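S.K.: The structure's right below; bear with me while I get my questions together.
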Amino acid sequence: MSSFASISPDKLSRLIGTPQGPILIDVRTKEDFAADPRLIPGAIRHPALEAAQWSAEFSGQSVIVICQRGAKLSHGAAAWLRVAKASAENLEGGFEAWKAAGLPLVAVERLPPRDADGRTVWVTRARPKIDRIACPWLIRRFVDPHAVFLYVAPSEVMAVAERFQAAPFDVENTFWSHRGELCTFDVMVEEFGLTTPALQRLALIVRAADTARLDLCQEAPGLLAASLGLSRMYDDDLAQLEAGLGLYDAFYRWCRDATSESHNWPTNKVKP
């Protein structure tokens with residue numbers, strides 16, 4: 001059972017991917033990180049022994065601190081965060097307990113370089129519909145909560161990617177793009193190691209809607225209709241993205257928690 005200042009891997013796994021998810025800070029030593037350079041989804045790296053300097057950045061926020069085994073480094077960094085008025089807990093058993101539980105881990109080699117503010121930067125074609133909203137949702141919720149997305153004219157995507165050190169996605173002949181029958185969202189789920197049952201179920205819905213194979217699952221027409229509706233509601237691509245995050249939050253929670261539920265409206269029999 002979790003203590004007042006710690007959280008179990010199972011409980012944390014239920015928070016990751018939700019809008020209310022906490023900030024995750026990985027404070028493993030350089031040596032431990034080099035031995036397994038993967039991150040719990042959405043985690044950022046900070047040196048534990050410099051917590052007194054960086055903790056104020058997270059004042060007023062909910063934070064989970066992760067070290068190798070849930071011992072002195074995470075306890076100490078969490079204590080400094082609480083001094084800075086953050087609501088901080090450490091992960092019970094640390095990175096090793098998370099890994100032993102078979103929970104997803106993101107390989108850092110799959111992440112594009114971060115900018116001066118520690119954010120990953122991505123670029124794609126303007127006027128998004130499905131993949132170009134679904135992929136940013138996946139990245140924001142499971143890879144980098146502070147990721148930046150640039151929507152530009154289709155003809156300028158690759159030039160902008162080069163000049164602004166951004167990772168192009170959902171563009172032909174790039175790493176983050178369709179592969180065979182898979183859409184870009186499918187590719188990201190696989191490459192980032194996020195193949196949980198819920199995300200695989202969501203990936204099927206996204207693929208069906210994005211590739212016009214609505215027969216793959218009965219939820220796909222609903223996602224397609226909602227996505228096209230959002231694209232008509234917003235002229236600003238970033239405003240559409242913010243609205244779309246809520247749409248995918250709802251689909252994800254259905255995929256994770258509510259697939260067995262149904263809504264059966266009672267039949268009203270008309271008396272003769």
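S.K.: I'm trying to understand the selection: among the residues of segment 144-153, which are of a type outside the set (S, T, Y) and surrounded by fewer than 22 Cβ atoms within 10 Å (Cβ to Cβ)?
M.R.: If the condition is that a residue be of a type outside the set (S, T, Y) and surrounded by fewer than 22 Cβ atoms within 10 Å (Cβ to Cβ), then P145, H146, A147, V148, F149, L150, V152, A153 are the ones that fit.
S.K.: Conditions: (1) touching a Cys at 6+ places or on another chain (Cβ under 9 Å); (2) open to solvent by less than 20 Å² (accessible area, probe 1.4 Å). H75 meets all but one. Number of the miss?
M.R.: (2)
S.K.: When you check S6 against the structure, is it under 23 Å from the mean Cα position of the chain (by Cα), polar (S, T, N, Q) and open to solvent by less than 20 Å² (accessible area, probe 1.4 Å), yes or no?
M.R.: Working: under 23 Å from the mean Cα position of the chain (by Cα): yes; polar (S, T, N, Q): yes; open to solvent by less than 20 Å² (accessible area, probe 1.4 Å): yes.
Criteria met by S6.
S.K.: Does G229 meet the test of being out of contact with any Phe, Trp or Tyr (no Cβ under 9 Å at 6 or more places or on another chain) and either among the aliphatic types (A, V, I, L, M) or at pLDDT 95 or above (or both)? Full working, then the answer.
M.R.: On the way: out of contact with any Phe, Trp or Tyr (no Cβ under 9 Å at 6 or more places or on another chain): yes; either among the aliphatic types (A, V, I, L, M) or at pLDDT 95 or above (or both): yes.
In short, yes.
S.K.: Give all pairs with beta carbons closer than 7 Å in which a residue from segment 183-210 that is in a loop (DSSP other than H, G, I, E, B) meets a residue that is of a type in the set (D, E) and open to solvent by less than 10 Å² (accessible area, probe 1.4 Å); count only pairs at least 6 apart in sequence or on separate chains.
M.R.: Final answer for the pair search is C183/D131.
S.K.: Which numbered condition in (1) assigned to a helix (DSSP H, G or I); (2) touching a strand residue (DSSP E or B) at 6+ places or on another chain (Cβ under 7 Å); (3) closer than 22 Å to L245 by Cβ is the only one that D144 fails?
M.R.: Here D144 clears every test but (1).
S.K.: Right, another one. Out of curiosity, is E156 open to solvent by 10 Å² or more (accessible area, probe 1.4 Å), in a loop (DSSP other than H, G, I, E, B) and either touching a residue at least 60 places away in the same chain (Cβ under 8 Å) or of a type outside the set (S, T, Y) (or both)? I'd like the intermediate steps shown before the answer.
M.R.: On the way: open to solvent by 10 Å² or more (accessible area, probe 1.4 Å): yes; in a loop (DSSP other than H, G, I, E, B): no; either touching a residue at least 60 places away in the same chain (Cβ under 8 Å) or of a type outside the set (S, T, Y) (or both): yes.
When the stated conditions are applied, E156 does not pass them.
S.K.: On to the next question. Any residue at all in segment 88-97 that's open to solvent by 50 Å² or more (accessible area, probe 1.4 Å), farther than 28 Å from G244 by Cβ, touching a Ser or Thr at 6+ places or on another chain (Cβ under 9 Å) and free of Cβ contacts under 8 Å to residues at least 60 places away in the same chain?
M.R.: There is no residue in segment 88-97 that is open to solvent by 50 Å² or more (accessible area, probe 1.4 Å), farther than 28 Å from G244 by Cβ, touching a Ser or Thr at 6+ places or on another chain (Cβ under 9 Å) and free of Cβ contacts under 8 Å to residues at least 60 places away in the same chain.
Matching residues to (1) touching a residue at least 40 places away in the same chain (Cβ under 8 Å); (2) open to solvent by less than 60 Å² (accessible area, probe 1.4 Å); (3) of a type outside the set (F, W, Y):
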| position | (1), (2), (3) |
| --- | --- |
| T29 | yes, yes, yes |
| F33 | no, yes, no |
| A52 | no, yes, yes |
| A71 | no, yes, yes |
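S.K.: Moving on to the next point. For segment 159-177, give me each residue that is open to solvent by less than 80 Å² (accessible area, probe 1.4 Å) and in contact with a helix residue (DSSP H, G or I) (Cβ under 9 Å, 6 or more places away or on another chain).
M.R.: A166, A167, P168, F169, D170, V171, T174, W176, S177
Conditions tested, residue by residue: (1) over 21 Å from P197 (Cα atoms); (2) among the acidic types (D, E).
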site	(1), (2)
E50	yes, yes
C67	yes, no
A97	no, no
A101	no, no
R119	yes, no
V143	no, no
Y151	yes, no
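S.K.: While we're here: Restricting to segment 3-29, give me the number of residues that are in contact with a strand residue (DSSP E or B) (Cβ under 8 Å, 6 or more places away or on another chain) and of a type in the set (D, E, K, R).
M.R.: So the count comes out to 2.
The values are calculated or read from the model by the stated rules, or taken from the named source; none is laboratory data. Small disclaimer: the values here were computed from a predicted structure and weren't measured. Note that we place each Cβ from the backbone using ideal geometry, even for glycine, and neighbour counts take in every protein chain shown. Heads up: the accessible areas ignore ligands, DNA and RNA and are worked out on the full protein's heavy atoms, side chains in. Shrake-Rupley method; radii C 1.70, N 1.55, O 1.52, S 1.80 Å.
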